[in-house]
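All of the numbers you see were taken from the coordinates with simple rules; none came from a lab. Note that the coordinates shown come from a computational prediction; the quantities given were computed from them, not determined experimentally. Every residue, glycine as well, gets a Cβ built from its backbone with ideal geometry; the counts of neighbours run over all protein chains shown.
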Amino acid sequence: MSKSLKTFLIAAEKDNLNKSANPAIVRASTIYFKSIQEMQKLQKKIGKGVKTDYFDYGRQGSQTSIALQNILKELEQSYHVFLTQTGFGAVALAIMSICRPGDEIVISDCVYRPTQKLTSQLLKEFNVKTIWYNPNSFDDLKQKVTKKTKLIYVENPGSNSFEFQDLGKIVSFAKRKKIYTAIDNTWATAYFFKPIKLGFDLSITSATKYYSGHSDVMAGTLAVSKKVYKKVWWYNHVSGYRLSADDAYLVIRGLRTLSLRLEKHQENTLKVIKWMTKQKKIVKILYPYKPSSKEYKLWKKYYSGASGLLSIIVKSKSKSSVYKFVNSLKLFGIGYSWGGYSSLAIYNHPVEMGKRFFFKLEKNCHLIRLHIGLEDPNDLINDLKKSIKFIK
Ligand SMILES: Cc1ncc(COP(=O)(O)O)c(C=O)c1O
């Protein structure tokens, strides 16, 4: 790509045919062909997993999803990008495309809760063994790998606990052992970090979050290397994953302002953190902001920026007073699906993180996940200032 990424996201996929600024929303199930011969020719290609720039049936998408795929392919610098109806669909598509009975999956003990369930519960029913490794120890990962390991699955940073791993080391090790690698890159998006370029085979992003950015769309993207393209294409082909034209359009619209939004989320987050560091009730901030920390160094090594999601640990003997702190916030909505324009807060009940083998909160410590939105950061600080008084 010769243009800067910011310019590319603005300039890509104009509708040259209709001369409109944006690609058309093409809703289609039926696709017409000029002749039976043309239909058969295309079907033959599609049946072999050959990439084409149009489809034979609406289940595979339409011009709108192709426009989105074209933008994402450049953004991710990947061989291809598959689209799914939710971010979790992209997690499932990645894992189910690769793992087969008798295989083992080695997975970091910090992944999103539904990913834990898919691997440890569903895969077990298909005779795929899940082995957890400590995200703070590369040696632990190396020890967990066996001859049966088919996939190393990473989420970086860790879901709600924000561990950062040495991604380059993981990729090189996996390549030496001929093991596929997957990463959930939703926190940074491909705007701040490009996993496929580093050597990962599969890179998942919940487009529900920053790509669409307005808390009104659900979508997922799975960028892949050439090595795994056919496997993913095959599983996708027989399982019916698809993104609607309307949602694909809304993700394209979100991508136009991705750079502005992500940089503002980052700027606001650092301003709020500056205030938080002076609060005695906040004992830890889980975000790569402190240059002396291991997390910061590992983040800096691979990422060009950080988004607006972080956790804080507060200490209190009174859980109800911590609940009151969260409940009293006026500008932070209590809810899931961060990555939209507004701020959010959740009290991290153990159910949120599921079963963790290597993460423990100390006694009387409480974890709160915050998403810092695009509001004026001074207003967010004032909101937190008023509410933090409730923590006893
Ligand atoms: C890290 C991560 N990956 C995947 C998902 C799933 O995305 P979606 O909600 O779009 O299914 C989420 C949702 O919160 C997430 O936090």
Worksheet entry | Ranking of Ser292, Ser311 by count of other Cβ atoms within 10 Å, fewest first | Ser292, Ser311
Worksheet entry | Separation of alpha-carbon centers, segment 210-283 and segment 303-376, rounded to whole Å | 19 Å
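Which shape class applies to segment 152-206: rounded if a/c is under 1.5, otherwise prolate when a/b exceeds b/c and oblate if not, where a ≥ b ≥ c are the square roots of the Cα gyration tensor eigenvalues? Walk me through the intermediate numbers first.
Numbers: a/c = 1.95, a/b = 1.48, b/c = 1.32.
It is prolate, given that a/c is not under 1.5 and a/b is the larger ratio.
When DSSP beta bridges are limited to those with both residues in segment 5-255, what percentage is antiparallel, rounded to the nearest 5?
Details: 11 of 28 bridges.
Within segment 5-255, antiparallel bridges account for around 40 percent of the total.
Please give the peptides 275-284, 130-139, 151-160 ranked by average Cβ packing (other Cβ atoms within 10 Å per residue), highest first, as a rough proxy for protection. Before the final figure, lay out each step's value.
On the way: 275-284: 14.5, 130-139: 18.6, 151-160: 25.2.
Result, highest mean Cβ count within 10 Å first: 151-160, 130-139, 275-284.
Relative contact order of segment 5-255: what whole-number percent is it, with Cα pairs under 8 angstrom and at least 6 residues apart?
Working: 450 pairs, mean separation 62.6, N = 251.
Dividing the mean separation by the residue count of segment 5-255 yields 25 percent.
Report the extension gain between Ser29 and Lys355 in nm, rounded to one decimal, defined as 0.36 nm multiplied by the number of residues separating them, less their alpha carbon distance. Walk me through the intermediate numbers first.
On the way: separation 326, 0.36 × 326 = 117.36 nm, distance 4.21 nm.
Roughly 113.2 nm would be gained on extension.
Once R0 is set to 30 Å, what does the formula 1/(1 + (r/R0)^6) return for the Cβ-Cβ distance between Ser293 and His214, expressed as a FRET efficiency to the nearest 0.05? Spell out each step's value before the answer.
Working: r = 33 Å, r/R0 = 1.09.
For R0 = 30 Å, the calculated efficiency reads 0.40.
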Fill in: Degrees separating the helix 258-276 axis from the principal Cα axis of the chain, which is the longest one
10 degrees
Practice prompt. Please work out the Cα convex hull volume for the chain and give it in Å³ per residue.
Written response: 146 Å³
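As a footprinting exposure proxy, order His237, His366, His265 by other Cβ within 10 Å, with the fewest listed first.
On the way: His237 14, His366 22, His265 25.
Exposure proxy ranking, most exposed first: His237, His366, His265.
Under the rule a/c < 1.5 gives rounded, and otherwise a/b versus b/c splits prolate from oblate, where does segment 1-102 land using the Cα gyration tensor? Don't skip to the end; give the middle numbers.
On the way: a/c = 1.91, a/b = 1.06, b/c = 1.79.
Because a/c hits 1.5 or more and a/b fails to exceed b/c, segment 1-102 counts as oblate.
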Worksheet, complete the sentence: Counted neighbours (other Cβ, 10 Å), sorted fewest up, put Ile204, Ile285 in the order Ile285, Ile204
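Assuming 0.36 nm per residue, please report the length gained on full extension of the stretch Glu267 to Lys41 beyond their Cα-Cα distance. Before the final figure, lay out each step's value.
On the way: separation 226, 0.36 × 226 = 81.36 nm, distance 5.19 nm.
Gain on stretching Glu267 to Lys41: 76.2 nm.
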